[in-house]
Amino acid sequence: MLVKQLKTGNMDNFSYILGCKNTKKAAVIDPGADAEFILKEIKKMELVLEYILLTHFHYDHTDMASNLKKQTGANVAMHEEDVPYYNKDVDIVLQDRDVLELGDVFVEVMHTPGHTPGGVCYYAGGMIFTGDTLFVRDSGRTDFPYSHRPTLGASIRRIMELPEETEVMPGHDYGPTPTSTLLEEKRTNINAVEYGFKKID
């Protein structure tokens with residue numbers, strides 16, 4: 001699997017390009033800004049964009065989705081619980097445990113509500129793309145009317161059931177490093193005790 005992490009916009013967002021080495025099929029996760037930069041990187045990697053995968057409906061993760069769809073014909077995908085909050089077209093309405101195929105790469109959808117009702121993470125190739133659910137050493141906000149802190153905690157506990165070596169690919173560059181692992185988050189995340197996933201060595 002080909003993976004490229006891109007810093008985009010003015011809110012320390014990360015967008016991601018996922019690609020299949022053999023078929024050159026690709027997906028972009030959370031294109032919140034800088035559509036031309038993203039397209040340039042896709043071209044450099046010699047990939048063809050098939051999916052635009054959104055972790056949740058907030059504009060800083062979705063703002064360039066329509067632009068990329070218009071330029072490439074790629075399908076926009078979002079979880080069904082977030083579609084009512086999104087004022088643009090969605091081509092693929094996702095549900096928990098859906099699997100999207102990118103050639104030889106299989107991307108599993110994990111419904112991880114709490115930050116938003118339809119928040120999802122994408123699990124592929126030993127990596128978890130967490131949007132605003134889980135950050136490096138922190139977690140997403142729950143002070144919105146549609147957010148719910150206990151629900152977010154349950155979602156993160158579910159993520160923590162994956163192998164500890166799973167790489168955490170967050171939606172923002174808010175931590176001391178741009179990526180982490182689930183083992184490191186169990187040891188160092190400031191919410192580990194509250195949410196009940198702290199690693200006991």
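The values are calculated or read from the model by the stated rules, or taken from the named source; none is laboratory data. Keep in mind the model is a prediction, meaning the values are calculated, not measured. Positions of Cβ are backbone-derived with ideal geometry, glycine not excepted, and every protein chain shown enters the neighbour counts.
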Query raised in the report: Assuming Lys24 fulfils every condition listed in (1) within 26 Å of Thr112 (Cα to Cα); (2) in contact with a Gly (Cβ under 8 Å, 6 or more places away or on another chain); (3) touching a residue at least 60 places away in the same chain (Cβ under 8 Å); (4) not acidic (Asp, Glu) apart from one, which condition is it?
Result: (1)
Requested in this report: Assess whether Ile200 counts as being over 22 Å from Val107 (Cβ atoms) and at pLDDT below 95.
Outcome: yes
Report task. Mind listing just one residue for me: the one in the stretch 9-21 that is buried (at least 21 other Cβ atoms within 10 Å of the Cβ) and without any contact (Cβ under 8 Å) to a residue 40 or more places away in the chain and, of those, nearest to Phe135 (Cα to Cα)? Result -> Ser15
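For the stretch 155-185, which positions are outside any strand (DSSP E or B) and touching a helix residue (DSSP H, G or I) at 6+ places or on another chain (Cβ under 8 Å)?
Selection gives Ile156, Arg157, Ile159, Met160, Leu162, Pro163, Glu164, Glu165, Thr166, Gly171, Leu182, Glu185.
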